[in-house]
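The values are calculated or read from the model by the stated rules, or taken from the named source; none is laboratory data. Since the structure is predicted, the reported quantities are computational estimates derived from the model, not experimental observations. Cβ: placed from backbone, ideal geometry, glycine included. Neighbour counts: every protein chain shown. These area figures cover heavy atoms from the full protein model, side chains too; ligands, DNA and RNA do not enter into them. Shrake-Rupley method; radii C 1.70, N 1.55, O 1.52, S 1.80 Å.
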Amino acid sequence: GLYPRTAWTAALCAKVPAYAVNWAAYQGLRRSLSRKGKKLGARADVLVGACAASASVCLMIPLDTVKVRMTTGNLGGVAYRNVADAIRTMLREEGAFCFYRGLPPRLLSVVPMIAIQFATYEFAKRRLP
């Protein structure tokens, strides 16, 4: 296959919890803002989506970094046996900061996308019967 089995495992370990955190954060923020009796509009949908995405990215970036390293590891000559091996090796050789090195570009790419996604979702919910 295109990627080794361990890379698929890393991808699932990163993506599934990230989507769960993203959705939970979105729903929680939306619920807390709606409790104040205020109906949320399009701007609030974008803002809440951006906040949820930011929380998800900041929390999940370590696993996302491991996923990227495992899917591209052979390109740089480093092959990890599994997710735990990747984490141990990265910590030992680069320190904890290596997991967050890609945070700014990740925020710049993911936050606007997810903010638009949730705003579109809410727009569609309001328009569909």
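How much accessible area per residue does the chain have, in Å², with a 1.4 Å probe?
For the chain, the solvent-accessible area averages 64 Å² per residue.
Can you tell me the length gained on complete extension of the stretch Lys125 to Val68, counting 0.36 nm per residue apart and subtracting the Cα distance? Show your work: numbers first, answer last.
Working: separation 57, 0.36 × 57 = 20.52 nm, distance 3.42 nm.
Length gained, Lys125 through Val68: 17.1 nm.
The list (i) 1.11; (ii) 1.09; (iii) 1.03 gives values of Rg/Rh (Cα atoms, Kirkwood Rh), and only one came from this structure; which label was calculated from it? Checked against the structure: label (ii). Residue separation of Val16 and Ser109 scaled by 0.36 nm, minus their Cα-Cα distance, works out to 31.6 nm of gained length.
Within the range 12-129, count lysine pairs with alpha carbon atoms under 26 angstrom apart where the residues are 8 or more positions apart or belong to different chains. If you can, show how the numbers build up before the last one.
Values: Lys15/Lys67; Lys15/Lys125; Lys36/Lys125; Lys38/Lys125; Lys39/Lys125.
Count of close lysine pairs: 5.
Simple spin-label estimate for Arg31 and Leu91 gives 3.3 nm between the two label positions (7 Å along the Cα-to-Cβ direction from each Cα).
Split the accessible area of the range 16-73 by element, probe 1.4 Å, and carbon with sulfur accounts for 67%. Simple rule: put +1 on each Lys or Arg Cβ and -1 on each Asp or Glu Cβ in the chain, find the dipole, and look at Gly37, Val16, Thr72; the Cα lying farthest toward the positive end is Gly37. Packing-based ranking of 89-102, 18-31 yields 18-31, 89-102, ordered from highest to lowest mean Cβ neighbour count within 10 Å.
For Leu40 and Ala84 in one chain, what is 0.36 nm times their gap in residues minus the Cα-Cα distance, to one decimal in nm? It would help to have the intermediate numbers written out before the result.
Numbers: separation 44, 0.36 × 44 = 15.84 nm, distance 4.24 nm.
Stretched fully, the Leu40-Ala84 segment lengthens by 11.6 nm.
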